[in-house]
Structure formats: structure tokens, C-alpha cells
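Participant: The structure follows.
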Amino acid sequence: MNRIVIVGAGQAAGWAVHTLRGQGFDGEIHVISNEEQVFYERPPLSKQVLSQEAEVESLNLFSHEQVNDFSVTWHKPDHAVKLDKADKTVHLESGKVLPYDKLLIATGSRARIPVSAWSSMQNVYTMRDIQDCQKLTEKFKSAEHIAVIGGGWIGLEIAATARKQGKQVEIFEYGSRLCARSVSPEVSDFLKHLHESNGTAIHLNATKLHLIETADHHVDVFDADIKLKQFDCVVVGAGAEIAKELAALAELDVKDGIVVNEYGQTSDVDIYAAGDVAIHPSLGYCIQSWANAQNQAISAAKSMLGEMTAYQDIPWLWSDQYQCNIQILGTYQPEKTHQVVIRKTTETQISFFYLDANQRLLNMIAVNDSKLIKLAKRWMASQRELDPAELQDPDFNLMKLK
Ligand SMILES: Cc1cc2nc3c(=O)[nH]c(=O)nc-3n(C[C@H](O)[C@H](O)[C@H](O)COP(=O)(O)OP(=O)(O)OC[C@H]3O[C@@H](n4cnc5c(N)ncnc54)[C@H](O)[C@@H]3O)c2cc1C
């Protein structure tokens, strides 16, 4: 095999290249990126970079020397527009046609804007890449009243960052609770309390939102026909759209994302996918997390080289909001959850455990307790039976259950 082509240059692509070279692959690696900035991580965009506590350079996954040593042939900014499975080629917007021996699709996802007219409004923002973050950072220098549409992780982080800068913030969430797709009602209540106690107004069931940009570039937010308020800007954090169109056009097996096996292989043996765009092989849906993008890409890259490496990680992600580091292990599965146990060690350290009928951990959310998450990873991997009374008791040392 001589040439590997990778579409996208985000978290998954970066770790794929690092792994390919680390495993001794000395053929050509071509990377197509529609962003000028490549191999960077996105989590700090809505946190430390937006709050100007960190520089954009700190996002780089690798040093400049490392990236040079990867000897990548770059195609950027350029856009892959078509795959030809029969010819084993990728067609780029610039007109280039790149042949491949193996291909990795690592196209991630995009910010979803629920109403297309909002995309053309000057003071409606999204947060997906460095440019989005730079535009919003600039706006935050003058904006005082900020509406956040969407009470998911990114919306909540942006709201917290804005509040910490003294802005007036209101969150409008379509559903009846915050982060409803990924956490239980108990955690949604915790998040609501966290934001309200920090001075943010939260409007749930905001199903009929309507925006009008005024002549002086403020944004009026309406609920149906009733004007609620005028804001200096609106940030839309209404979920992600999976960038699966290349695979769909090429008639690979595609559902909500690209279907892959545990090695990251799609329905075409020479085409792999990893990161936000790929469906998690055992869960059956896309996981949008930093760790998933990195680790699924590492296993796909090894498998591309013939060292078949199954990806079986338990999903894990984190979010930082105000004084809380919130970590989520496993996935929320209400149909399998038999018991919810809440452990409150201090006012700012609280954990939520979701146990199945055999008292095994299905899912856990820990606020300000990284050590406990590390331990819980072991419990989940070994399918350990847990005693709810011990989990709940703040005086019981859970580290005894190593
Ligand atoms: C603001 C923000 C905060 C986040 N915070 C957290 C967090 O706290 N914790 C956590 O676990 N996760 C977090 N995430 C999620 C995490 O960053 C993503 O899951 C991760 O970036 C996915 O990596 P990826 O490589 O699959 O996709 P991406 O990083 O999105 O990279 C895909 C790249 O491919 C490019 N591309 C797409 N289509 C084409 C094409 N046809 N041709 C060329 N290029 C193309 C895209 O423009 C993009 O540059 C956050 C995400 C965002 C946006």
C-alpha cells in the first residue's frame, strides 16, 4: 500500500496521521481540509479561548516539528466533493482527483442552525471552529445582552463563559429540560440550578422561537408573535449536523452517520471512518466527543495498516461550566436503568450513578470528581456489582472498591 488519503483535518484525522506514522507507515499521506487551521482540538473554543484565558495556538494537537515530521501532502483549503469507490479516487472542489489505496473519512460535524434564515443574520453566531470563536470573542467585547438558543453542552458552556464575563444571558431550550438527549432529569435539574444560581435566565419549551434582526443589528427574539426581548447577539448551540454527505453520495452504508465495524471499516473495505461522522460500532449512533474522535481514529489507523484493532471504548466526555468540571461516563439508557443513586460529598462535588437490574454501572455523571470517574471506568470494564448504599454514603470511601 502506498497512499492513504484522509478527508478532514480535525481531532480524528490528526490522531490517525500520528498513529500511521507512529506505526511506521512510510507511504504517502494526503489530507484534505476545508479549514486553513488543521489538527486542532475544539473543546477549549467554548471555554478558555472564548474567555480569552487561552490562545488559539494552545489548541494545536501537535507541535510544528511533529506536523512537519508527519510529511503530509496538504490539500487546503479545499473540499472533497465526491468519492468514486470503483476508481478509488476522491474528487476535490479545486478540480484535483486523488487516487487512494485506503481512505479515511474524518469529516466531523457542523453546527446545526434550525432556521435557515438565521444563518444570514449578522448577529447570530455558532461555535464550531476557530473562526466562529474569533468572531464571537470580538462580539463579546461590546455585547451585554446575549441569548443562547439551545440548552445542550455547547450552549451551556457559552452561557457560562458569557456570565463569567458579566454579560446578561438568557438560554432558550426547545425541549422540556437541559441536555435531555444525554443525561437524566436529575442531571438536567442540577444543570438548571447551576445556571440559574449564576444569574442566567432559562426558558424551557421554547418551541416557537422567531428572530428578527433590527436595522441597527440587534436581534429581537419572539416566542410565536410575542416579542420577548432584544439582544445584542444570539448564539445558536442547537446540536450538530453530521458531515456524512460524501459517504451517502458514494452509496456507502449510511444511517445517522457512517456505519462502521469495530475496526472503523465502512461497507467498502478500503474506506474507513472515525470521529463524529462515524456511528459508534456497539452503540449504534454517533458520539460527538473528543475522546471518541481520538481513540476511534487510532484504532481505524492501525486497522488500515492491517493491525486489526477493535474500538470498544466506553463513551466518556466532559464539560466545564462555572466552577464545575462535569464528566459523563457511559450513555444514558433510561430503558435499562433500574436505580439512580446520587452521592453528594460537598456542595460542589456530586455524582449520579445509573445501575442496571444487576447493580452494574451503566452510566455515571461526576461533578468535580475525576478520580471517581477513573475508578468507575474500571467498574464498568469489569462489570462489577455495586452496593447502592455504599455509593450514596458520602462517608464511605469508594476508593476501597478498586
Ligand atoms: C465548541 C466545541 C466544544 C466542545 N467541547 C467538548 C468537550 O468539552 N468535551 C468533549 O468530549 N468534546 C467536546 N467537543 C466535541 C469534539 O470537539 C468533537 O467531537 C471532535 O472535534 C470531533 O472530531 P472529528 O475529527 O470527528 O471532527 P472535527 O474536529 O469537526 O474535524 C472535521 C474536519 O473536517 C472538515 N471537513 C468536513 N467535510 C469536509 C470535506 N468534504 N472536505 C474537506 N474537509 C472537510 C471540517 O471542516 C473539520 O475541519 C466540542 C466541540 C465543539 C465544537
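Participant: Name the residues in the stretch 58-93 that are touching a residue at least 12 places away in the same chain (Cβ under 8 Å) and among the polar types (S, T, N, Q), would you?
Facilitator: Answer for the stretch 58-93, where residues must be touching a residue at least 12 places away in the same chain (Cβ under 8 Å) and among the polar types (S, T, N, Q): SER58, ASN60, GLN66, SER71, THR73.
Participant: Considering every residue within the stretch 243-261, establish whether at least one is within 30 Å of GLN52 (Cα to Cα) and in contact (Cβ under 8 Å) with a residue 60 or more places away in the chain. Step through it out loud before you land on a result.
Facilitator: Here is the first cut: in the stretch 243-261, the residues within 30 Å of GLN52 (Cα to Cα) are 243.
Those still in the list that are in contact (Cβ under 8 Å) with a residue 60 or more places away in the chain too: 243.
Yes, the conditions are met somewhere in the stretch 243-261.
Participant: In this structure, does TYR354 turn out to be part of a loop (DSSP other than H, G, I, E, B) and surrounded by 18 or more Cβ atoms within 10 Å (Cβ to Cβ)?
Facilitator: No.
Participant: Right, something else. Within the stretch 133-160, track down each residue that is over 14 Å from ALA111 (Cα atoms) and among the aromatic types (Phe, Trp, Tyr).
Facilitator: Across the stretch 133-160, the qualifying residue is only PHE140.
Participant: Identify the single condition in (1) within 27 Å of GLN134 (Cα to Cα); (2) buried (at least 19 other Cβ atoms within 10 Å of the Cβ); (3) out of contact with any Ser or Thr (no Cβ under 8 Å at 6 or more places or on another chain) that ILE4 does not satisfy, given that it satisfies every other one.
Facilitator: (1)
Participant: Among (1) closer than 17 Å to ASN34 by Cβ; (2) in contact (Cβ under 8 Å) with a residue 40 or more places away in the chain; (3) more than 11 Å from the ligand (Cβ to nearest atom), there is one condition THR126 misses while meeting the rest; what is its number?
Facilitator: So THR126 meets the others, but not (3).
Participant: What about ILE328, is it over 21 Å from LEU103 (Cα atoms), touching an Asp or Glu at 6+ places or on another chain (Cβ under 9 Å) and in contact (Cβ under 8 Å) with a residue 24 or more places away in the chain?
Facilitator: On the way: over 21 Å from LEU103 (Cα atoms): yes; touching an Asp or Glu at 6+ places or on another chain (Cβ under 9 Å): no; in contact (Cβ under 8 Å) with a residue 24 or more places away in the chain: yes.
So ILE328 fails the test.
Participant: Take LYS96 and decide whether it is closer than 30 Å to LYS85 by Cα and without any contact (Cβ under 8 Å) to a residue 60 or more places away in the chain.
Facilitator: Answer is yes for this residue.
Participant: OK, next. Is it the case that some residue within the stretch 72-80 is aromatic (Phe, Trp, Tyr) and open to solvent by less than 50 Å² (accessible area, probe 1.4 Å)? Break it down stepwise before answering.
Facilitator: Filtering the stretch 72-80 for residues aromatic (Phe, Trp, Tyr) gives 74.
From the residues that got through so far, the ones that are open to solvent by less than 50 Å² (accessible area, probe 1.4 Å) too are none.
Within the stretch 72-80 (the criterion being aromatic (Phe, Trp, Tyr) and open to solvent by less than 50 Å² (accessible area, probe 1.4 Å)), the answer is no, since none of the residues qualifies.
Participant: In the stretch 196-227, what residues are open to solvent by 50 Å² or more (accessible area, probe 1.4 Å), free of Cβ contacts under 8 Å to residues at least 40 places away in the same chain and closer than 16 Å to HIS145 by Cβ?
Facilitator: Within the stretch 196-227, HIS203, ILE212, ASP216, LYS227 qualify.
Participant: Output the number of residues of the stretch 267-304 satisfying the condition of being away from the ligand (no atom under 13 Å from the Cβ) and surrounded by 24 or more Cβ atoms within 10 Å (Cβ to Cβ).
Facilitator: 3
Participant: Provide a single number: the residues in the stretch 16-59 that are within 14 Å of the ligand (Cβ to nearest atom) and open to solvent by less than 50 Å² (accessible area, probe 1.4 Å).
Facilitator: Looking only at that region, the number is 23.
Participant: Kindly indicate which of THR137, THR89, THR200 is in the same structural domain as LEU20 (by TED's automatic domain parsing), more than 11 Å from the ligand (Cβ to nearest atom) and β-branched (Val, Ile, Thr).
Facilitator: Matching residue, one of THR137, THR89, THR200: THR89.
Participant: To continue, here is another question. Suppose we filter GLN392, GLN359, GLN339 for residues that are open to solvent by 20 Å² or more (accessible area, probe 1.4 Å), modelled with pLDDT of 95 or more and closer than 17 Å to VAL183 by Cα; which single one remains?
Facilitator: Details: GLN392 fails: closer than 17 Å to VAL183 by Cα; GLN359 fails: closer than 17 Å to VAL183 by Cα.
One residue alone meets the criteria, GLN339.
The values are calculated or read from the model by the stated rules, or taken from the named source; none is laboratory data. All figures in this text were calculated on a predicted structure; none of them were measured in a lab. Cβ coordinates were reconstructed from backbone atoms using ideal geometry, including for glycine residues, and neighbour counts include every protein chain displayed. Heads up: the accessible areas ignore ligands, DNA and RNA and are worked out on the full protein's heavy atoms, side chains in. Shrake-Rupley method; radii C 1.70, N 1.55, O 1.52, S 1.80 Å.
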